[in-house]
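Enquirer: Below is one structure. I have some questions about it.
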Amino acid sequence: MPTPVRTLQAWSYLQSYYDGLYVGIDGLEGSGRSTVAASLQNKLQSAGYPAKIISPFPNTKTHKYISEIKHDRRLGIKSRHLLYASLFAIVTEHIILPHLAAGYIILSDRSWLSLYARAVAQGLDEQWVRTSLGFALMPDIIIEPQSDPITALRRKLIMSEALDPLESGSDNETLEGFIDFQSRMGQILHDIKPKTSWHVINIANPDALNHLVSTIIGQMEGRDVSS
């Protein structure tokens, strides 16, 4: 039985209540989170383990709705964060927890950590953001695709014709702004690493992915193969 998912603070009365494993895939925008999630899902399913990829948005209809309204200038940073947090709460209750209870490996393409890092990088109060995400589950394992702001920028430009201004911060919606904002996010995530089970992975290295799969399976089976 793996270590139970924890909330932002360890609750002494929280017991192991599921057989699955919650894997958070976090990092910079354009770092390759979705690529890692898809690769892990394929490898885990091939090994006979049920794995499901989730995102902070409940479904494609909601994702389309978010895409339409998130650039509305009338929506402030705090309101936008609360919208994201509310949707992630829905995902947690109706998708993550039931699948964990059923023994799935959840591959979260962004956990609460990414929502937290983005909000703080945008200037929101750190403690307020933590409180707003107080319902969230701490991943058993956190995976970060190895990247830097410039490499992430190149990947984003290859994948799309334009940058999302929300990924650059409201103060500087330029290439330089993207790099600066991702640097701020990276530092926030870096400060969290010592407190968690964090794995930085080179997505171009097949052996690194295979080792990560072994680590995930080992934790599912109650073994420690990370060394």
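Here, each number is a calculation from the coordinates, and none is a lab measurement. Computed from a predicted structure; not experimentally measured. Glycine gets a Cβ as well: all are built from the backbone with ideal geometry, and neighbour counts include every protein chain shown.
Enquirer: Within 10 Å, count the other beta carbons around each residue, average over each peptide in 27-33, 84-90, 130-136, and list them highest first.
Expert: The peptides rank, most packed first, as 27-33, 84-90, 130-136.
Enquirer: Work out how much length Thr174 to Asp19 would gain on full extension: take 0.36 nm times their residue separation and subtract the Cα-Cα distance, in nm to one decimal.
Expert: 51.3 nm
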